[in-house]
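Visitor: Structure below; questions to follow.
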Amino acid sequence: MAGFTRLRQAAEEKIETAGGCSTSVRGNHARMNSVLDQGLARFHLYPRIEWRFKSIDPGSSHRAHRWNIMDRSLHVSMNVGLRRFTGVVRLRGPLANEPKAGVLHAILVALLAWLGFYLLVFVPWFAARKPQQVMVGGSLSLLVAVALYFLRRGSLRKAAIVYVGGCWVVFTVVILFFGGIRSPALILYAALPISAAWLFERRGAILTTALCLVTVLVLALMAMAGFGPYWYFPGVPIGLLATALLAIAISAVPVIDVMDVLETALAQSKRDQEALRRERDLLSRVMETSPAGIVTCDREGRLTFANSRGAEVLGTAPEQFRQRNFDSAEWKITASDGTELPREELPFLQVKTRGEAVYGMQFAVQPEDSRILLSVSAAPLLGPGGEFDGMVAAVDDITER
């Protein structure tokens, strides 16, 4: 890799000092270019820059080549600057891989950038009361910075509380001195509960909505009692535009994120359902084509399923099979030697009591006129909490053996 770099540097020095190129030099230069391209492509030395030493014809000038070198340097500087910028603004720390934290971080960074524009451009040129506007913008900037601090420290809940609570405080001050109940900034109270629902879910949304409604009610009662309205911050068109954009941003971004999560979950659910359908279809086909008889019981001992071979071995039609229990009198169960078989020795109760599989248990049934000698191997079915939820058994007719 170092050899390729030295070779490229030597080629650039010769091109800088030479006023023109002979035919043999151009040929050697082309071969060198091919070798360098292969080496750089193999080792990926510069993944975003294509170093290609083009052959210089007699009409090309030294200045043109210098512009080519400067253009490559500009691309290098832009790429380095972009990487540094993304490294500064991207979320780091314990929540770096948390989707909701990443979206909140993006909102806070964008809000901080908007506040910077507000303080550096809007206030000096358009604000009527500059010190007060700077106080409001600075307060909101401080709240955003504190929320970013908590977010990078790994506390999403604290960051969300500072963000929502701080916005409510600043919005209330702005609305109170910007017309009160008649203020166009009341739209911010409609947008804030959406962010709260996204960050705190149902309970947080209810509390934030109630807080905003109570605040609006207080503003209305103040106006009815003769307090206000106070137009301490006279509205200008660009200020109203900024307020509307802020309301849209803090409400639309959470909705977009929730919709994206829902779409992803819905797509995953469809894939899971299709995989489950294929798995069930495969299991059904395996059960139906299995040469062994397979039966299942629920936790109460009711027979719930038998494949075609299982129904055949037990000498019972499927519709009659599902109407019986494991110890129904219709089975006429006896031991293999014809003596009475105690109920607790049946496979179902053995599996339920032990909580483990049993193998090769032999007994006889006589559902109709013929006596059938069975060999049964059974295993428990477990529920989500590991509790006994039924039994699956393989039954085999060994009467002729």
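The values are calculated or read from the model by the stated rules, or taken from the named source; none is laboratory data. All of these numbers come straight from a predicted model, not from anything done at the bench. We place every Cβ from the backbone using ideal geometry, glycine too, and count neighbours over all the protein chains shown.
Visitor: Scan (1) touching a strand residue (DSSP E or B) at 6+ places or on another chain (Cβ under 7 Å); (2) of a type in the set (S, T, Y); (3) free of Cβ contacts under 8 Å to residues at least 12 places away in the same chain for the single condition T339 breaks and write down its number.
Guide: Every listed condition holds for T339 apart from (1).
Visitor: On to the next question. Can you name the number of the only condition in (1) under 30 Å from L381 (Cα atoms); (2) in contact with a Leu (Cβ under 9 Å, 6 or more places away or on another chain); (3) of a type outside the set (A, V, I, L, M, F, W, C) that G228 fails?
Guide: (1)
Visitor: Check G383 against each of (1) within 30 Å of L282 (Cβ to Cβ); (2) surrounded by 12 or more Cβ atoms within 10 Å (Cβ to Cβ); (3) in contact with an Asp or Glu (Cβ under 7 Å, 6 or more places away or on another chain) and name the one condition it does not meet.
Guide: If we test G383 against (1) within 30 Å of L282 (Cβ to Cβ); (2) surrounded by 12 or more Cβ atoms within 10 Å (Cβ to Cβ); (3) in contact with an Asp or Glu (Cβ under 7 Å, 6 or more places away or on another chain), just (2) comes out false.
Visitor: Just the residues that are at pLDDT 90 or above, under 31 Å from the mean Cα position of the chain (by Cα) and not polar (S, T, N, Q), please, taken from the stretch 208-252.
Guide: Within the stretch 208-252, A210, L211, C212 meet the criteria.
Residue by residue, here is whether (1) outside the structural domain of G166 (by TED's automatic domain parsing); (2) out of contact with any helix residue (DSSP H, G or I) (no Cβ under 6 Å at 6 or more places or on another chain); (3) without any contact (Cβ under 8 Å) to a residue 60 or more places away in the chain holds:
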{"position": "Y189", "(1), (2), (3)": "no, no, yes"}
{"position": "A197", "(1), (2), (3)": "no, no, yes"}
{"position": "E201", "(1), (2), (3)": "no, yes, yes"}
{"position": "G204", "(1), (2), (3)": "no, no, yes"}
{"position": "L219", "(1), (2), (3)": "no, no, yes"}
{"position": "A223", "(1), (2), (3)": "no, no, yes"}
{"position": "A247", "(1), (2), (3)": "no, no, no"}
{"position": "A252", "(1), (2), (3)": "no, yes, yes"}
{"position": "D257", "(1), (2), (3)": "no, no, no"}
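Visitor: Would you check if F227 is assigned to a loop (DSSP other than H, G, I, E, B), farther than 22 Å from V146 by Cα and in contact (Cβ under 8 Å) with a residue 60 or more places away in the chain?
Guide: Numbers: assigned to a loop (DSSP other than H, G, I, E, B): yes; farther than 22 Å from V146 by Cα: yes; in contact (Cβ under 8 Å) with a residue 60 or more places away in the chain: no.
No; evaluated as a whole, the condition is false for this residue.
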